[in-house]
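Engineer: I am attaching a structure below and will ask some questions about it afterwards.
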Amino acid sequence: MTLKIKQLTGLIIVLLLTISVQAQVSLPYVFSDHMILQRESWIPVWGSAEPGAEVTLTFADQEVSTTVDESGQWKIHFAEIEAGGPYEMKIYEGENTDASITFQDVLIGDVWFASGQSNMEWQVQQADGADEEIPNAFNSQIRLFNVPHDISITPLENTLKTEWKVCDSTSVKEASAVAYYFAKKLQTTANIPIGILQSSWGGTPVEAWTSREMLLSEDVMRNKVLENDTVTEDHFVKDSLDLIKFWDIVYNPKNGMDTIIPKPNFKDKEWKTVTVPGNASEWEPEFYEGMIWLRKTIELDAQFVGKELTLNLGHPEMNYSLYFNGAEICKTQWNANLTHDYKIPAELVRKGENTIAYRMAALWGGGGINPPAEEIYLSNGSQKLSLTGEWKYKKDLEPAIPTIHNFQYYPTYLYNAMINPVVPYGLAGFIWYQGEANDSIAYDYRTLLPLMINDWRIRWQQGFLPFLWVQLPNYMDKDDEPADGKWAVMRESQTKSLELPNTGMACIIELGETNNIHPTNKTDVGNRLAAVAQKLVYNMDVQSSGPVLKDYSIIGNEIRIQFDKVAEGLSTSDGEPVIGFAIAGEDQKFYWAVAKIVGDEIVVSAKEVVNPVAVRYAWANNPDCNLVNSAGLPALPFRTDSWKVITQK
């Protein structure tokens with residue numbers, strides 16, 4: 001019995017030693033089953049192992065060996081391989097004849113790195129057409145890899161745990177919609193496997209994705225980078241804990257307020273009186289962030305009593321609870337619906353005084369009930385009672401929400417955790433959708449975007465890798481008169497960045513939504529971006545751009561504008577006369593211009609401008625414009641002047 005125990009113990013030790021040895025070699029998570037490796041290019045593969053050990057990799061009839069360096073790192077390159085597969089990759093350590101790691105179902109194709117903020121992160125299941133697309137999404141020739149959110153003060157060697165997935169009705173749901181439709185178009189037309197390596201995070205600025213060394217090379221961000229040198233990992237931990245507390249307060253009423261304040265007999269006489277529609281930025285003399293309560297007492301006659309009523313809140317902020325005569329009607333989280341109407345049960349409605357109470361999170365400068373006033377009412381089906389006007393208002397009835405630093409917005413931290421770990425994975429190019437978070441420094445974006453592009457190209461060491469991006473669409477309120485706007489300046493900065501070699505841009509100036517920074521039509525965005533890739537990278541005969549300003553001349557009171565990329569000619573998207581042009585004289589006062597298509601030119605004039613010196617097209621946050629080429633692609637916004645612009649709005 002003792003001998004058997006000793007033999008068993010010895011066997012366990014041998015097994016543990018074997019596992020230990022085999023576990024020494026490891027690779028970043030970007031290498032996994034179902035991955036796509038870049039075709040027709042040297043394929044880098046890297047990892048870690050015991051210093052001095054020999055690591056051997058086999059793949060597609062190639063065998064490559066290397067010795068692990070003193071720091072425990074190794075890297076090899078496989079020779080170029082044409083698109084195809086599936087293959088198997090095996091990694092051996094030392095003299096072992098059994099592979100330590102095996103990756104199966106590996107394809108060779110084109111890998112596109114998709115990055116940016118929320119409009120790149122916006123998922124297929126959130127976008128238009130999801131119900132039709134998701135059930136039919138299976139395509140073994142498209143593979144998806146999503147880098148998990150993470151931040152770091154210093155560059156990391158690996159991402160958080162994740163893996164490549166075959167595109168199917170499950171994996172596609174959370175994939176970037178723009179990147180998915182981009183991949184789908186390319187896979188169909190180029191007929192090769194397409195991989196999407198996605199690394200994105202909503203609300204983040206371009207500097208978060210750029211390395212410290214590169215940011216320090218330019219004045220525009222140097223001081224901001226250096227200011228962060230006092231940040232430590234302890235700050236990250238505290239911010240994470242504060243964030244849990246933050247959302248707990250937002251989502252869950254504290255101090256029993258939800259059982260006290262909504263009651264009809266609650267005394268709110270001492271509360272501040274505010275006007276609805278309105279929000280906390282109007283009700284408070286200084287910036288406020290926290291939980292607010294609103295109450296309104298209304299008189300209802302017999303025509304409303306005994307009936308189920310509809311209460312329409314118009315356009316409130318997204319996190320709120322609504323109460324009627326003390327009863328909770330709704331409790332919403334991130335309710336971005338276009339309408340906010342709720343049924344009030346007949347048994348809650350009383351003749352005479354009735355009380356509406358409203359708990360809301362005032363976050364990031366918001367918090368309130370927004371216009372239009374006519375959409376804020378109580379209805380019995382045939383009559384509407386306006387709920388605008390005076391409401392009672394009170395803040396600080398619940399614990400203060402902690403200040404969240406959101407370190408993902410800080411320079412370099414996303415580069416360190418979500419870019420560096422996948423460098424230098426072989427790529428066909430980059431696609432990028434971002435800019436909204438930098439609109440307060442829109443002019444500097446023409447420095448910051450090229451800075452990041454150069455940074456990534458240098459890090460990847462694969463030459464001038466194609467870099468394609470989406471220009472910001474139309475958004476925000478429209479202007480009755482020609483006006484400046486920070487998104488107009490941002491689009492100009494994005495266009496200026498095309499001066500870098502091997503770059504391309506998809507113009508979507510008409511695909512936005514006035515009241516939605518996340519327009520849900522991602523199919524056309526992905527397809528337009530794919531068209532840019534088809535033209536620039538795959539040398540396909542496609543029209544990838546709308547008309548682009550080529551030159552202009554001033555003759556009398558007219559400006560004649562010439563365009564490139566008109567295809568077979570200029571026209572308008574709606575068949576109506578051309579709109580969107582404004583001209584100015586030396587006084588720099590712009591007026592809407594009458595525009596006519598004359599061949600491949602646009603001729604503009606305005607009766608208010610006798611001697612024009614400058615012309616602008618689609619120059620606004622949310623411009624009305626309709627100039628397209630024969631392929632139906634919109635003309636790129638532009639201006640011919642370099643006058644200082646106002647970008648507060």
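Engineer: How big is the charge dipole of the chain about its Cα centre, in debye rounded to the nearest 20, if each Lys and Arg gets +1 on its Cβ and each Asp and Glu gets -1 on its Cβ?
Structural biologist: 1200 debye
Engineer: Around T572, with a cut-off of 13 angstrom between Cβ atoms, what is the net charge of the other residues, counting Lys and Arg +1 and Asp and Glu -1?
Structural biologist: Summing Lys/Arg as +1 and Asp/Glu as -1 gives -3.
Engineer: If you take the Cα Rg of the stretch 175-252 and divide it by 2.2 N^0.38 Å, with N the number of residues, what do you get?
Structural biologist: 1.67
Engineer: Could you work out the helix-only [θ] at 222 nm for the chain, with each DSSP H run of four or more residues adding -39,500 (n - 2.57) and the total divided by the number of residues, to the nearest 500 deg cm²/dmol?
Structural biologist: Mean residue ellipticity, 222 nm, calculated: -5500 deg cm²/dmol.
Engineer: Return the lysines within reach of K607: Cα separation strictly under 19 angstrom, same-chain partners fewer than 8 residues apart disregarded; answer none if there are no such residues.
Structural biologist: Qualifying lysines at Cα under 19 Å: K589, K596.
Engineer: Among the lysines in the stretch 377-503, how many pairs, 8 or more places apart or on different chains, have alpha carbons under 28 Å apart?
Structural biologist: Lysine pairs meeting the criterion: 5.
Engineer: If each Cα of the stretch 226-304 is one equal point scatterer, what is log10 of I(q)/I(0) from the Debye formula at q = 0.19, 0.22, 0.26 Å⁻¹?
Structural biologist: -1.06, -1.19, -1.29
Engineer: Continuing with the same structure: How much length is gained on full extension from T154 to K384, taking 0.36 nm per residue of separation minus their Cα-Cα distance?
Structural biologist: 76.9 nm
Engineer: Taking amide H positions as placed 1.01 Å from N in the peptide plane, with prolines and chain starts having none, which residues 5 or more places from G389, or on another chain, fall under 5 Å of its amide H?
Structural biologist: Sorted by chain and number, the residues that satisfy this are V276.
Engineer: How big is the C-alpha Rg of the stretch 34-73 next to the rule-of-thumb value 2.2 N^0.38 Å, as a ratio?
Structural biologist: 1.33
Engineer: According to the square roots a ≥ b ≥ c of the eigenvalues of the Cα gyration tensor, what is the shape class of the stretch 470-519, taking rounded for a/c under 1.5, prolate for a/b larger than b/c otherwise, and oblate for the remainder?
Structural biologist: Oblate, since a/c reaches 1.5 and b/c is not below a/b.
Engineer: Using amide H atoms built 1.01 Å from N in the peptide plane, name the residues 5+ places from I329, or on other chains, whose amide H lies under 5 Å from its own.
Structural biologist: Correct list: L322, Y323, F324.
Engineer: Kirkwood hydrodynamic radius (Cα pairs, Å) of the stretch 232-365?
Structural biologist: Its Kirkwood hydrodynamic radius stands at 16.5 Å.
Engineer: So who's got an amide H within less than 5 Å of the one on A614, skipping anything under 5 residues away but keeping other chains? H placed 1.01 Å off N, in plane.
Structural biologist: Result for A614 returns A584.
Engineer: For a test of the definition: using alpha carbon positions, the gyration tensor, and the 1.5 limit on a/c, classify the stretch 513-562 as rounded, prolate or oblate.
Structural biologist: oblate
Engineer: Using only the Cα atoms of the stretch 485-571, construct the convex hull and provide its projected area averaged over every direction, in square nanometres to one decimal.
Structural biologist: It is 7.9 nm².
Engineer: Right, next: Relative contact order, percent, of the stretch 495-547 when contacts are C-alpha pairs under 8 Å separated by at least 6 residues?
Structural biologist: 32 percent
Engineer: Kyte-Doolittle cut-off 1.0, length cut-off 18 Å along the helix's own axis using Cα: show which whole DSSP H helices in the chain pass.
Structural biologist: TM-like helix candidates: 2-22.
Engineer: Can I ask one more? As an exercise, identify the chymotrypsin sites (Phe, Trp or Tyr not before Pro) in the stretch 104-155 lying in DSSP coil whose Cβ has no more than 15 other Cβ atoms within 10 Å.
Structural biologist: Taking the stretch 104-155 and a limit of 15 other Cβ atoms within 10 Å, the loop chymotrypsin sites (Phe, Trp or Tyr not before Pro) found are F138.
Engineer: In addition: What percent of all Cα-Cα pairs in the stretch 529-636 falls into each 5 Å bin, going from 0 up to the bin containing the maximum distance?
Structural biologist: With 5 Å bins starting at 0, P(r) equals 2, 13, 21, 23, 17, 11, 6, 4, 2, 0.
Engineer: Which whole-number percent gives the relative contact order of the chain, counting Cα pairs below 8 Å spaced six or more residues apart?
Structural biologist: 13 percent
Engineer: Classify the chain as rounded, prolate or oblate from the Cα gyration tensor: take a ≥ b ≥ c as the square roots of its eigenvalues, call it rounded if a/c is under 1.5, otherwise prolate when a/b beats b/c and oblate if not.
Structural biologist: oblate
Engineer: Based on DSSP, what percent of beta bridges with both residues in the stretch 127-246 are antiparallel, to the nearest 5?
Structural biologist: 40 percent
Engineer: So, one more: Over the stretch 68-211, what portion of Cα pair distances is larger than 20 Å, expressed as a whole percent?
Structural biologist: Percent of Cα pairs beyond 20 Å in the stretch 68-211: 58.
Engineer: Still on this structure, please answer the following. At a threshold of 8 angstrom on Cα-Cα distance, excluding pairs fewer than six apart, so keeping six or more, what relative contact order does the stretch 298-425 reach in percent?
Structural biologist: Relative contact order, the stretch 298-425: 28 percent.
Engineer: Roughly speaking, what is the centre-to-centre gap between the stretch 461-523 and the stretch 201-262 when only Cα atoms are used, to the nearest Å?
Structural biologist: 26 Å
Engineer: Take the solvent-accessible surface of the protein heavy atoms, probe 1.4 Å, and return the percent of it on the stretch 148-244 that carbon and sulfur atoms account for.
Structural biologist: 52 percent
Engineer: Considering only protein heavy atoms, what per residue accessible area in square angstrom results for the stretch 445-597 with a 1.4 angstrom probe?
Structural biologist: About 44 Å² of surface per residue is accessible.
The values are calculated or read from the model by the stated rules, or taken from the named source; none is laboratory data. Every value quoted in this text rests on a predicted model; they were computed, and no experiment measured them. A quick note on method: Cβ atoms are made from the backbone with ideal geometry, for glycine too, and the neighbour counts reach across all protein chains shown. Quick note on the areas: whole protein, heavy atoms, side chains included, nothing else; ligands and nucleic acids left out. Shrake-Rupley method; radii C 1.70, N 1.55, O 1.52, S 1.80 Å.
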